[in-house]
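Structure, as structure tokens:
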Amino acid sequence: MSDEVEQLNSRGELRHLINLGGLDRAHLEEIIELATRYLTPVGAPAPRDDILRGRTVANLFFEPSTRTRASFELAAKRLHADVLNLDVNTSSRAKGESIMDTIYTLQAMQVDIFVVRDASTGVPARIAQQVAPHVCVLNAGESDVSHPTQGLLDLMTIQRHKGDVRDVCVAVVGDIKHSRVARSAYQALSKFGVGELRLVGPPGLLPEEDEFPGAKRATEVETGIRDADVVMALRVQRERFAELGDIPDPQEYHRRYGLTEERLALARRDAIVMHPGPMNRGVEIEGAVADGPQSVIQEQVTHGLAVRMAVLALIHRHIGREARA
Ligand code: CP
């Protein structure tokens with residue numbers, strides 16, 4: 001079975017969110033525009049909407065997560081859905097049940113939306129191909145391939161600080177080779193014509209030459225972040241490769257590639273610092289930079305919740321229409 005899946009219904013409405021590459025710029029704009037409406041001032045009550053009342057969202061995370069899982073849960077609750085967080089370690093998956101049997105079982109309990117994170121490529125798409133016509137699937141992180149809501153929240157964060165991304169230079173620093181965050185950010189930024197995208201890291205952590213067309217590459221962090229408007233630091237994803245090869249140990253990595261205050265001074269004075277989390281302080285990023293005045297890392301988290309509320313609210317149109325059909 002192919003991993004390709006149609007993410008829109010026959011009316012052109014969002015049904016599944018599997019990857020950003022398969023969507024038009026207008027769809028991304030619609031999500032970010034709605035997400036912006038779900039932002040409230042710091043200290044104000046959290047935004048709420050009744051739109052998913054009577055619907056059920058199941059979070060199935062077959063890989064660890066803090067931000068994505070917590071924000072999908074809060075997003076669904078703030079839209080008044082019923083929420084099921086399946087504990088996969090104590091589920092019947094541990095007794096050999098297939099992922100599709102788990103899905104069919106939950107679908108029989110009237111789950112309408114599956115939020116799925118998995119270490120294997122193609123799992124969210126394969127689930128999307130096999131669920132009932134009214135059911136929607138949202139990719140919450142797929143191997144090193146795709147993390148669409150992260151790409152959307154990163155685009156939203158850059159736009160809110162820098163405006164039109166056609167005038168913006170983004171430097172992504174770290175383990176790009178194993179990063180679904182970098183791939184989804186690339187897809188999102190490319191659709192909006194990003195001015196310049198630089199991939200910066202040790203040779204062993206840069207992607208294959210035919211990936212990220214149009215992006216520039218640098219193996220020296222000082223060269224890579226000079227005059228950048230946005231510096232996005234990425235964690236070395238040790239869980240995705242067995243052999244260290246020529247990848248330096250954490251201390252040496254920090255010495256050669258870590259985002260320090262001294263290095264950040266090479267970027268533009270008003271550059272913003274991003275990190276998708278989880279961070280390894282003292283490895284890819286210095287604590288003083290993560291907590292410093294240029295950091296927008298906590299804003300990224302806030303935008304992530306708003307983006308996930310927007311996606312859930314938009315796919316509601318599809319569920320409602322199929323349910324009435
Ligand atoms: N950025 C991100 O996906 O974080 P989590 O792994 O904590 O969800």
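Solvent-accessible area of LEU206, all protein chains in place: 20 Å² (probe radius 1.4 Å, heavy atoms, ligands and nucleic acids excluded). Sorting 187-197, 307-317 by their mean Cβ neighbour count within 10 Å, with the most densely packed peptide first, gives 307-317, 187-197. Structure remark: mean-square fluctuation, Gaussian network model of the chain, C-alpha springs under 10 Å; the largest value among LEU234, LEU14, LEU106 belongs to LEU106.
Per residue, the accessible area of the chain comes to 44 Å² when a 1.4 Å probe rolls over the protein heavy atoms.
For the chain, what is the percent of antiparallel DSSP beta bridges, rounded to the nearest 5? It would help to have the intermediate numbers written out before the result.
Numbers: 2 of 35 bridges.
Beta bridges within the chain, antiparallel portion: roughly 5 percent.
Relative to the Cα centre, the charge distribution of the chain, modelled as +1 at Lys and Arg Cβ and -1 at Asp and Glu Cβ, gives a dipole magnitude of about 900 debye. Remark: accessible surface ordering of ASP164, ASP270 (largest first) is ASP270, ASP164, probe radius 1.4 Å.
Give me the tail of P(r) for the chain as a percent: Cα-Cα pairs with distance above 38 Å. Summing the P(r) tail past 38 Å for the chain gives 14 percent. Of SER120, SER65, SER10, SER146, the residue with the largest accessible area leads and the full order is SER10, SER120, SER65, SER146 (1.4 Å probe). Each of TYR186, MET156, PHE114 was scored by the projection of its Cα onto the charge dipole of the chain, and the greatest displacement toward the positive side belongs to PHE114; charges sit on the C-beta of Lys, Arg, Asp and Glu.
Are there DSSP H segments in the chain that both extend 24 Å or more along their axis (alpha-carbon positions) and score a mean Kyte-Doolittle hydropathy of at least 0.0? List them, or say none. Write down the numbers at each step before the final one.
Numbers: long enough: 297-324 (41 Å, 0.13).
Taking the DSSP H segments of the chain (at least 24 Å long, mean hydropathy at least 0.0), we get 297-324.
Determine the distance separating the Cα centre of region 34-84 from the Cα centre of region 304-318; give it in Å without decimals. What the calculation gives is 8 Å, centre to centre. Would you list, by chain and number, the lysines whose Cα falls below 24 Å from the Cα of LYS191, excluding same-chain residues fewer than 8 positions away? Hits, sequence-local ones excluded: LYS162, LYS177, LYS216. Selection among ILE319, GLY258, HIS275 by position relative to the dipole of region 221-325 gives ILE319 as farthest towards the positive end (Cβ unit charges, Cα centre). Overall, the anisotropy analysis places region 160-277 in the oblate class: the square-rooted eigenvalues a ≥ b ≥ c of its C-alpha gyration tensor yield a/c not less than 1.5, with a/b not exceeding b/c.
Could you tell me what percent of the accessible area of the chain is made up of carbon and sulfur, with a 1.4 Å probe and every protein chain present? Carbon-and-sulfur percentage of accessible area, whole number: 47.
Length available on full extension from ALA288 to GLU261: 0.36 nm per residue minus the Cα-Cα distance, which gives 9.0 nm.
Accessible area per residue was computed with a 1.4 Å probe on protein heavy atoms; ARG226 scores about 120 Å².
The values are calculated or read from the model by the stated rules, or taken from the named source; none is laboratory data. Keep in mind that what you see is a predicted model, and the values were worked out from it rather than measured. Cβ sites come from the backbone with ideal geometry, for glycine too, and all protein chains shown count toward neighbours. Only protein heavy atoms, including side chains, enter the accessible area calculation; ligands, DNA and RNA are left aside. Shrake-Rupley method; radii C 1.70, N 1.55, O 1.52, S 1.80 Å.
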